[in-house]
Amino acid sequence: MTDKAKTTVQQDRQVLLSAPDVGAAERQALLRAFDSGWIAPAGPEIGAFEEELSAYAGARACAALSSGTAALHLALLAVGVRPGDEVVVQSATFAASAFAVVHAGAIPIFMDSNWGTWCLDPSLMREFLQERAATGSLPAAVMPVDLYGSTADYGALVAACEEFGVPLVRDAAEALGSVSSTGGVGAVDVPSVVSFNGNKIITTSSGGALFADQETVDHARYLSTQARQPVMHYEHTEIGFNYRLSNLLAALGRAQLAQLEDKIERRSNIDAAYKSAFPSMQWCSSEHTPRPNCWLSVGLLPEGMDPVATCERLHEMGIQARPAWKPMHQQPVFAANEYIHGAGVADELFARGICLPTGSGMTDVEVEWVIEAVSATVPS
């Protein structure tokens, strides 16, 4: 990159980690929904978005909701999680996974990942269920998380959960578009959740979706609209929530979803450029994900190199980078919760992991700028 090009990029903008990639199509979609008169939460865009999402993800049915966290909460309620229950949650994740368990009144038990996927370790989980079965204290559910677009080993996880009669909820908030050994994120026969937060691979500004069987989805929609009974006056027989996605945001989501494959291709190219530029860094092998969505490119720094300090240096050069997720068992709010330690993957990811910008709207010049900044910061 020439000095002039570098100066132009630096003056124009910073390179963000995963900025929303929106344009004319999204603007037209919002205007279409606005001009239709359906400004209130209900409207035809929601149903159309749900149908298109289901078809794309290989799901039986879908409920579009206000956030991925809301979708996780409803998914946990759907599988029978109640106050005082215990739920196994992957420790290497964003806090929303664990917070949803607490919202349901349950207690998170955190568990380590494996190196092949960076997701919940099936062997460790099966051993845990075997031990708990022997004492008659099985958890109410198990929640693996598809980390950065790498999917968990659902063949092994589902088999173990079925063996012990424990429901599984899939947190695929980061994995829409990833194709695993079991298909799309909605293809596994368990409640599965995606997120449309502003930094996700597609966005509705805020939002999420629950994939499940039709009966579960119908009940989730009912709960998400304050559990209103179908009568003229307002009558309620259950506690409900204000969790439904709005018609306007669903229109935005439809425009985003139509471009998802192009966004994945662009992020995959950026991810490949980083891996080519930094072959000595360790990257997730995604061994159960033939086609990851490459939501974020996360590599491990050399041992002893501080990710926080490295990110701060990159920020000074106009590059937004982040450490990998701080494990839930290290979070002060969960200091008293049980943690099932395995190979130490969750701790190692946080100790050495760094997330590099992979937004699909990045230009080739910006990708080169990131590579040059990282090369100047991280020893080869």
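Quick look at the values:
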item	result
Isotropically averaged projected area of the range 58-123, using the convex hull of Cα atoms (one quarter of hull area), nm²	5.5 nm²
Near-label residues of the range 334-348 by backbone N, under 18 Å of a point 7 Å along Cα→Cβ of Ser181	none
Relative contact order of the chain, defined on C-alpha pairs under 8 angstrom at six or more residues apart (%)	25 percent
Rg over Rh, two decimals, the range 181-299 (C-alpha only, Kirkwood Rh)	1.10
Zone of Thr363's modelled label, taken as backbone nitrogen in the range 15-36 under 13 Å from a point 7 Å along Cα→Cβ	15
Probe 1.4 Å, accessible area per residue of the range 151-240, Å²	39 Å²
For Ala258, residues with placed amide H under 5 Å, excluding near neighbours	none
Furthest towards positive pole of dipole, Ser224, Ala78, Val89, structure part the chain, Cβ charges	Ser224
FRET efficiency, Ala40 to Glu265 (Cβ-Cβ, R0 56 Å, nearest 0.05)	0.95
Rg ratio (alpha-carbon, reference 2.2 N^0.38 Å) - the range 249-320	1.39
Gyration tensor (alpha-carbon) shape descriptor, the range 1-138, a/c threshold 1.5	oblate
Distribution of pairwise C-alpha distances over the chain, 10 Å bins, in %	5, 23, 32, 25, 12, 3, 0
Accessible area expressed per residue, the range 336-376, with surrounding protein chains retained (probe 1.4 Å, Å²)	36 Å²
Dmax and Rg, reported as Rg then Dmax, of the range 112-257 (C-alpha, Å)	17.6, 55
Cα gyration tensor shape for the range 53-92, rounded if a/c is under 1.5, else prolate or oblate	prolate
Surface share of carbon and sulfur [accessible, 1.4 angstrom probe, percent] for the chain	54 percent
Where labels lie 7 Å past Cα in the beta-carbon direction, separation of Arg82 and Ala309 in nm	5.2 nm
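The values are calculated or read from the model by the stated rules, or taken from the named source; none is laboratory data. Note that the coordinates shown come from a computational prediction; the quantities given were computed from them, not determined experimentally. Heads up, the Cβs are rebuilt from the backbone with ideal geometry, glycines too, and the neighbour counts pull from every protein chain shown. These area figures cover heavy atoms from the full protein model, side chains too; ligands, DNA and RNA do not enter into them. Shrake-Rupley method; radii C 1.70, N 1.55, O 1.52, S 1.80 Å.
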